[in-house]
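Structure first, commentary second.
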Amino acid sequence: MGIKYRRIVQLVFLAVFLLLMVTGRIQLWMAVFLVGLIGATIFGRFYCGWICPINTLTEAVDWLYKSKGIKRRDVPGWVKTPVVRYGILILFVGIMVMTLKTGRKLPVLPALTVLGTAITLVFVPSLWHRYLCPYGALLNITGLLSRYYWRVDQTDCKKCGICQRVCPAEAITIDGENGYPVIDKGLCLECTACTHACPANSIVYKKDSSKSVGASRQDAV
């Protein structure tokens with residue numbers, strides 16, 4: 001689908017998110033997330049690329065910085081350990097459970113939206129998308145089961161590496177044996193940045209024809 005259509009969908013869901021936040025019914029957004037979480041087992045992480053308000057705002061920041069030639073800091077090495085990512089996830093789940101048990105309405109979703117956007121003002125997008133976002137950690141798990149996902153057609157691929165450079169989630173690596181890029185479907189945000197940047201149009205969205213689910217990279221689970 002075209003990038004303009006995706007932008008429209010993003011803006012519609014951002015408006016819904018803001019409306020729920022203003023009217024004090026932000027908890028209803030969890031239903032939207034749960035649909036995305038379950039749907040990722042079939043279609044991949046479409047919630048991230050098409051629906052998530054945090055990603056919509058961080059993409060706006062990314063566009064602005066690129067247009068101005070502003071560079072951001074790389075991901076700190078210590079953040080890349082699984083302990084950090086899943087420690088944040090456990091904390092997030094604990095807060096959500098406490099919220100449900102006590103009935104207290106904590107502004108978790110708005111706070112994470114502000115935090116994710118603020119982090120992207122200083123650091124490259126992958127810091128939030130891949131390592132810090134608790135929603136992303138959950139979607140990584142269900143996304144690994146997806147039946148439809150983006151992959152590289154090696155027949156047309158030029159091995160230029162552009163797709164790897166534009167990916168905001170570090171979901172693309174280069175195969176050390178044949179030099180072709182490989183997309184990790186558990187990390188892929190389905191933002192289509194790579195598909196629009198690919199000069200050979202070699203990145204396609206297809207159903208997994210194999211009987212077994214492909215494994216993710218070592219640090220993705």
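Can you tell me which residues in the range 158-194 are among the hydroxyl-bearing types (S, T, Y) and touching a residue at least 60 places away in the same chain (Cβ under 8 Å)?
Of the residues in the range 158-194, the ones among the hydroxyl-bearing types (S, T, Y) are 173, 180, 192.
Scanning the range 158-194 gives a single hit, T192.
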Problem set entry | Only one of L127, L121, L144, L138 that is within 23 Å of G77 (Cβ to Cβ) and surrounded by 14 or more Cβ atoms within 10 Å (Cβ to Cβ) | L127
Problem set entry | Filter pass, W50 being hydrophobic (A, V, I, L, M, F, W, C), assigned to a helix (DSSP H, G or I) and modelled with pLDDT under 95 | no
Exercise. What number goes with the only condition from (1) touching a Leu at 6+ places or on another chain (Cβ under 9 Å); (2) touching a residue at least 24 places away in the same chain (Cβ under 8 Å) that T155 does not pass?
Worked result: (1)
For this session: Please identify the pairs in which a residue from the range 4-15 that is in a helix (DSSP H, G or I) has its Cβ atom under 7 Å from the Cβ atom of a residue that is surrounded by 12 or more Cβ atoms within 10 Å (Cβ to Cβ) and of a type in the set (F, W, Y), counting only partners at least 6 apart or on another chain.
Result: R6/W50; V9/W50; Q10/W50
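Within the range 159-207, count every residue that is assigned to a loop (DSSP other than H, G, I, E, B) and either closer than 21 Å to K80 by Cα or not aromatic (F, W, Y) (or both).
Residues flagged as assigned to a loop (DSSP other than H, G, I, E, B) and either closer than 21 Å to K80 by Cα or not aromatic (F, W, Y) (or both) within the range 159-207 amount to 27.
So which residues in the range 71-87 are surrounded by 11 or more Cβ atoms within 10 Å (Cβ to Cβ) and either among the β-branched types (V, I, T) or under 15 Å from E170 (Cβ atoms) (or both), if there are any at all? Spell out the reasoning first.
Here is the first cut: in the range 71-87, the ones surrounded by 11 or more Cβ atoms within 10 Å (Cβ to Cβ) are 72, 75-76, 79-82, 84-87.
Those that are surrounded by 11 or more Cβ atoms within 10 Å (Cβ to Cβ) and either among the β-branched types (V, I, T) or under 15 Å from E170 (Cβ atoms) (or both): R72, V75, P76, V79, K80, T81, P82, V84, R85.
The values are calculated or read from the model by the stated rules, or taken from the named source; none is laboratory data. All values reported here derive from a predicted model rather than from experimental measurement. Note: ideal-geometry Cβ built from the backbone for every residue, glycine included; neighbour counts use all protein chains shown.
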